[in-house]
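Structure record follows, encoded as structure tokens.
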Amino acid sequence: MRGLIVTAFAAFMIAAGAAPCAAERVSIEHIGLGLTANLEIAPGKSLKSDGAVLIVHNSLGSDRMEPIATLQDALRDQGVNTLAITLGLGIDNRKGNFNCALEQAHHHEDAIDEIADWVKWLKDKGAASITVAGHGRGANQVALYAINRLDKSVKRVVLMAPLMQTEESAEAEYRAIFKGSLRQYLGQAEELVANQNGNQFVNVPGFLTCSNPAVTASAFANYYASNPKFKTTNLLPSIKLPVLIAVGDGDPALPEIKAAEGEFSQLKTVTLSVVPGTDQNFHDLGAEELAKKVREFLFHRVQG
């Protein structure tokens, strides 16, 4: 009986937008699939009064992967509420990093509607001020959401080690990881899609973080297409909210981001912040420094 009372009380506290005693697993339904997330309410804070940062993970990851979990802890300790979501990728109630033994037919842009549903969930719980944040590929998906499905409750955007994928970088990365020519496999996948056979599985050595995957031609072509939108800095002029780009000084993509700075530095909405002593996954003390920069950005924008 006592356990039931505690559970009911925790559920009431979340529904009321007040601070639970610890992290809470939460879920929603999205086009027939269950989606899961990790909610962290900072001590003394509430969704209604203080809002939240919605965080999207990198390729085939989850809300418990690094650096998402450590970032949530660090932001909670600094008084910032967060909701780290796990993208469904076609799997019901997916938890943990994607199981590469499973079939893959998802698309990069599927995340946009999932982010929108989680924003609605936060609004329904009383959050009037929401920041959308993403890491790696998640940063690109957050940027696309901010352009295509933005809700008025969303006030800021945080892009952490954002995807900077070009045709050349995708080819080089694919060769380095999977020892094969991306252009060759991409051409085969795109031909299948063009012939209305996008649901056919393709024989490729790798897909995103998976070796020997069971992936459809449509999914493969979608993620590896020569698409200028995959270079996240190209999206910045279309985002009408304050944007923080946070990148480690050891991130291999930093030179390319700095090179693009000449284009987006004229945008008064964009702030580039380099986190010292860390890489694209914000290892070591990087998560703590990242959290500080995110909090400073939130506080500055709220006060300004």
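Listed here are the residues, each with its yes/no results for (1) outside any strand (DSSP E or B); (2) modelled with pLDDT under 95; (3) in contact with a Cys (Cβ under 7 Å, 6 or more places away or on another chain); (4) within 23 Å of residue 64 (Cα to Cα).
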position	(1), (2), (3), (4)
121	yes, no, no, yes
134	no, no, no, yes
138	yes, no, no, yes
141	yes, no, no, yes
147	yes, no, no, no
query: Here are some conditions: (1) in a loop (DSSP other than H, G, I, E, B); (2) buried (at least 22 other Cβ atoms within 10 Å of the Cβ). Residue 60 meets all but one. Which one does it not meet?
result: (2)
- prompt: Can you find even one residue in segment 231-241 that is assigned to a helix (DSSP H, G or I), without any contact (Cβ under 8 Å) to a residue 60 or more places away in the chain and farther than 27 Å from residue 60 by Cα?
  reply: yes
task: Quick one: which residue in 284, 251 is open to solvent by 70 Å² or more (accessible area, probe 1.4 Å) and either of a type outside the set (A, V, I, L, M, F, W, C) or within 18 Å of the chain's Cα centre (by Cα) (or both)?
output: 284
- prompt: Can you pull out the residues in segment 254-271 that are of a type outside the set (Ser, Thr, Tyr) and open to solvent by 40 Å² or more (accessible area, probe 1.4 Å)?
  reply: 255, 256, 258, 259, 261, 262, 263, 266, 267, 268
query: With respect to residue 190, is the statement that it is open to solvent by 70 Å² or more (accessible area, probe 1.4 Å), more than 24 Å from residue 133 (Cβ to Cβ) and touching a helix residue (DSSP H, G or I) at 6+ places or on another chain (Cβ under 9 Å) true?
result: yes
message: Regarding segment 91-100, can at least one residue be identified that is over 18 Å from residue 236 (Cβ atoms) and aliphatic (A, V, I, L, M)?
response: yes
field: Scan of segment 223-241 for residues that are over 15 Å from residue 263 (Cα atoms) and surrounded by 20 or more Cβ atoms within 10 Å (Cβ to Cβ), ordered by number
entry: 223, 224, 230
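Taking the options 165, 141, 78, name whichever one is on the phi < 0 side of the Ramachandran plot, open to solvent by 30 Å² or more (accessible area, probe 1.4 Å) and touching a helix residue (DSSP H, G or I) at 6+ places or on another chain (Cβ under 7 Å).
Numbers: 165 fails: open to solvent by 30 Å² or more (accessible area, probe 1.4 Å); 141 fails: open to solvent by 30 Å² or more (accessible area, probe 1.4 Å).
The conditions single out 78.
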query: Being more than 20 Å from residue 157 (Cβ to Cβ), at pLDDT below 95 and surrounded by fewer than 19 Cβ atoms within 10 Å (Cβ to Cβ), is that true of even one residue in segment 107-117?
result: no
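What about residue 205, is it touching a residue at least 24 places away in the same chain (Cβ under 8 Å) and closer than 30 Å to residue 186 by Cα? Step through it out loud before you land on a result.
On the way: touching a residue at least 24 places away in the same chain (Cβ under 8 Å): yes; closer than 30 Å to residue 186 by Cα: yes.
Yes; evaluated as a whole, the condition is true for this residue.
From the set of residues in segment 84-97 that are part of a loop (DSSP other than H, G, I, E, B) and open to solvent by less than 20 Å² (accessible area, probe 1.4 Å), which is nearest to residue 138 (Cα to Cα)? Walk me through it before giving the result.
Restricting attention to segment 84-97, the residues satisfying the condition of being part of a loop (DSSP other than H, G, I, E, B) are 87-97.
Adding the requirement that they be open to solvent by less than 20 Å² (accessible area, probe 1.4 Å) leaves 87-88, 94.
Values: 87: 9, 88: 13, 94: 16 Å.
So the residue we want is 87.
Would it be correct to say that residue 67 is at pLDDT below 95, open to solvent by less than 40 Å² (accessible area, probe 1.4 Å) and of a type outside the set (Phe, Trp, Tyr)?
Working: at pLDDT below 95: yes; open to solvent by less than 40 Å² (accessible area, probe 1.4 Å): yes; of a type outside the set (Phe, Trp, Tyr): yes.
Spelling it out, residue 67 is indeed at pLDDT below 95, open to solvent by less than 40 Å² (accessible area, probe 1.4 Å) and of a type outside the set (Phe, Trp, Tyr).
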query: Can you tell me which of 79, 34, 44 is over 13 Å from the mean Cα position of the chain (by Cα), in a strand (DSSP E or B) and not hydroxyl-bearing (Ser, Thr, Tyr)?
result: 34
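Residues 298, 267, 290: which one is under 23 Å from residue 132 (Cα atoms), hydrophobic (A, V, I, L, M, F, W, C), in a helix (DSSP H, G or I) and in contact with a Pro (Cβ under 9 Å, 6 or more places away or on another chain)? Before the answer, list the steps.
Working: 298 fails: in contact with a Pro (Cβ under 9 Å, 6 or more places away or on another chain); 267 fails: in a helix (DSSP H, G or I).
None of the other options fit; the residue is 290.
Do you know which residues across segment 212-230 are part of a helix (DSSP H, G or I) and of a type in the set (S, T, N, Q)? Can you show your working first?
Our first condition is that a residue be part of a helix (DSSP H, G or I); within segment 212-230, this holds for 217-224, 228-230.
Correct list: 218, 222.
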Residue 286, sole failed condition from (1) of a type outside the set (D, E, K, R); (2) farther than 24 Å from residue 152 by Cβ; (3) in contact with a helix residue (DSSP H, G or I) (Cβ under 7 Å, 6 or more places away or on another chain): (3)
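The values are calculated or read from the model by the stated rules, or taken from the named source; none is laboratory data. Note that the coordinates shown come from a computational prediction; the quantities given were computed from them, not determined experimentally. A quick note on method: Cβ atoms are made from the backbone with ideal geometry, for glycine too, and the neighbour counts reach across all protein chains shown. These area figures cover heavy atoms from the full protein model, side chains too; ligands, DNA and RNA do not enter into them. Shrake-Rupley method; radii C 1.70, N 1.55, O 1.52, S 1.80 Å.
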